[in-house]
Amino acid sequence: MEDVALESSGRFAVVLGEVIGDPERSAQAGEIFAVYREQQQRFATDMGALKAESLDLYGNYETTDEEFEAMAARLRGRREAFRDEIASGLAELIEVLEPEEWTKTINLMLDEEDRWRELGR
């Protein structure tokens, strides 16, 4: 799903540029979104490594419950950190967008979320 999210955000960046009429604000939104894409790339890399580590733990019969719990906590912690990074970026994006542009942006996000769900089935 990380690959789907990265591909999706690439499409979203193009459409976001079309939603914003003012070139200066469009550039600002593009900069904010570029930071988000970097965060998303790091998240995908981190989650891939954590998932591989989890599979190694699962395959080791001597892994303790505490080790499984610690791994689960690391996975949760990384997801929560990414969620916080996203929230910060959205707050910055809200400052750049006009209300009508924000409505269009939210609708685009919801469309992509629906697509992710469909691909995840």
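Annotations for the structure displayed:
- A Cβ distance below 7 Å, combined with a sequence gap of six or more or placement on separate chains, defines the contacts here; from the range 77-106, residues that are under 18 Å from Glu24 (Cβ atoms) reach residues that are assigned to a helix (DSSP H, G or I) and among the basic types (Lys, Arg) in the pairs Val96/Arg25.
- Residues that are at pLDDT below 85, assigned to a helix (DSSP H, G or I) and exposed (fewer than 13 other Cβ atoms within 10 Å of the Cβ) within the range 13-26 comprise Val14, Glu18, listed in sequence order.
- Hey, Thr63 of a type in the set (Val, Ile, Thr), out of contact with any Phe, Trp or Tyr (no Cβ under 7 Å at 6 or more places or on another chain), modelled with pLDDT of 85 or more and not in a helix (DSSP H, G or I) or not: yes
- Selection status of Arg76, surrounded by 11 or more Cβ atoms within 10 Å (Cβ to Cβ) and of a type in the set (D, E, K, R): no
- The range 42-69, subset loosely packed, with under 12 Cβ neighbours inside 10 Å and aliphatic (A, V, I, L, M), residue nearest to Ile106 (Cα to Cα): Ala49
- Residue check, Glu31 within 24 Å of Asn107 (Cα to Cα) and in a helix (DSSP H, G or I): yes
- Residues (loosely packed, with under 15 Cβ neighbours inside 10 Å and under 18 Å from the mean Cα position of the chain (by Cα)) located in the range 91-101: Ala91, Ile94
The values are calculated or read from the model by the stated rules, or taken from the named source; none is laboratory data. Nothing here was measured: the structure is a model prediction, and the numbers come from that model. Glycine gets a Cβ as well: all are built from the backbone with ideal geometry, and neighbour counts include every protein chain shown.
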